[in-house]
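The values are calculated or read from the model by the stated rules, or taken from the named source; none is laboratory data. Remember, it's a predicted structure, so these values are computed and weren't measured experimentally. As a convention, Cβ positions derive from the backbone with ideal geometry for all residues, glycine included, and neighbour counts pool all protein chains shown. Please note that ligands, DNA and RNA were not included when accessible areas were found on the heavy atoms of the full protein model with its side chains. Shrake-Rupley method; radii C 1.70, N 1.55, O 1.52, S 1.80 Å.
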Amino acid sequence: MDNYEELLGKLMEKLAEPNQTQPPILSSAQKIPVGISNRHIHLSQIDVEKLFGYGYQLTKLKDLSQPGQFACKETVMVCGPRGAIEKVRILGPVRKKTQVEILQSDSFKLGVKAPLRLSGDLAESGNVTLIGPKGSAEIVEGTIVAKRHIHMLPHEATQFGVRDGEPVTIEFSGERGGTLANVIIRAVENSGLECHIDTEEANALGITPNTEIVIKKNNI
């Protein structure tokens, strides 16, 4: 009997211990960090070498919030039929296909049609020419305006009650606080929890990196 009570006591102590292997429980009211993106470029290695020379490797300037991604020291000029934008930052690492992400107002300055797309959706997107110190690269399709989105891990999506590719509405704080619809969930491995909007949206809505963002509700 004594052994039974002793074993039962140990079992109850074990059950009371926190489970260190389980991820923290999230809710739709949990605050989500915000990242504000300016125009930038993701290059393929082929285009890196066209712009900077054979065998050239991009130089890391600083790490970004998404794991494995970084800002590079290198910049290039982006040219369109109507104009050009100098010193556009390159982000690493290299990709299979070059992607140029511009602001909506940039499309008017450059004279290009840049559709509103998620990263990687480049079919029939805008055409620009990149100018580097050692040459140029024509990007026949690959220029977009990025859709606002939220990066998260698959298990975080489950805990938030959302799924990869789902559009949601977010609520944000501040003097111009309000809601934004059509924010796309990007739930993939090797992600850091963060809501991404561009500088034009952030400036118009008074959003800063300190702004509190939560998932308000799912779009219907």
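A Stokes-Einstein calculation at 10 °C with viscosity 1.306 mPa s, built on the Kirkwood radius of region 95-135 over Cα pairs, returns a diffusion coefficient of 138 µm²/s. When the solvent-accessible area of region 96-220 is split by element, carbon and sulfur atoms take up 50 percent of it, the probe being 1.4 Å. Projecting label points 7 angstrom from Cα along Cα→Cβ for Tyr54 and Leu118 puts them 4.0 nm apart. Looking at region 60-136, the GluC sites (Glu not before Pro) that sit in a DSSP loop and have at most 11 other Cβ atoms within 10 Å of their own Cβ are Glu124.
Given R0 = 22 Å, the distance between the Cβ atoms of Thr169 and Thr199 translates into a calculated FRET efficiency of 0.55.
For the chain, the 222 nm mean residue ellipticity estimated from helices alone, with every DSSP H stretch of n ≥ 4 adding -39500 (n - 2.57) and the total spread over all residues, rounds to -5500 deg cm²/dmol.
In the full protein context, region 74-156 carries 49 Å² of accessible surface per residue, based on a 1.4 Å probe and ignoring ligands, DNA and RNA.
Any idea of Ser65's accessible area? Nearest 10 Å², probe 1.4 Å. Solvent-accessible area, nearest 10 Å²: 70 Å². In the P(r) worked out for the chain, what percent of Cα pairs fall beyond 25 Å? Beyond 25 Å sits 49 percent of the P(r) for the chain.
Please determine, in degrees from 0 to 90 and to the nearest 10, the orientation of helix 2-16 with respect to the longest principal axis defined by the Cα atoms of the chain, where the helix direction is its Cα long axis. The answer is roughly 20 degrees. Compare Leu103, Leu51, Leu61 in a GNM of the chain, Cα atoms joined below 10 Å, and give the one with the largest fluctuation. Residue with maximal mean-square fluctuation among Leu103, Leu51, Leu61: Leu61. Its alpha carbons considered, region 119-163 gives a radius of gyration followed by a Dmax of 16.7, 49 Å.
Our coupling estimate for region 151-156, obtained by passing each phi through the Karplus curve with A = 6.51, B = -1.76, C = 1.60 and θ = phi - 60°, is 7, 6, 7, x, 5, 5 Hz, Gly and Pro reported as x. In the context of the full protein assembly, Asp63 retains an accessible surface of approximately 100 Å², using a probe radius of 1.4 Å and ignoring ligands and nucleic acids.
Evaluate the Kirkwood expression for the hydrodynamic radius of region 39-163, namely the inverse of the mean inverse distance over all pairs of different C-alpha atoms, and round to one decimal in Å. Roughly 15.2 Å, rounded to one decimal.
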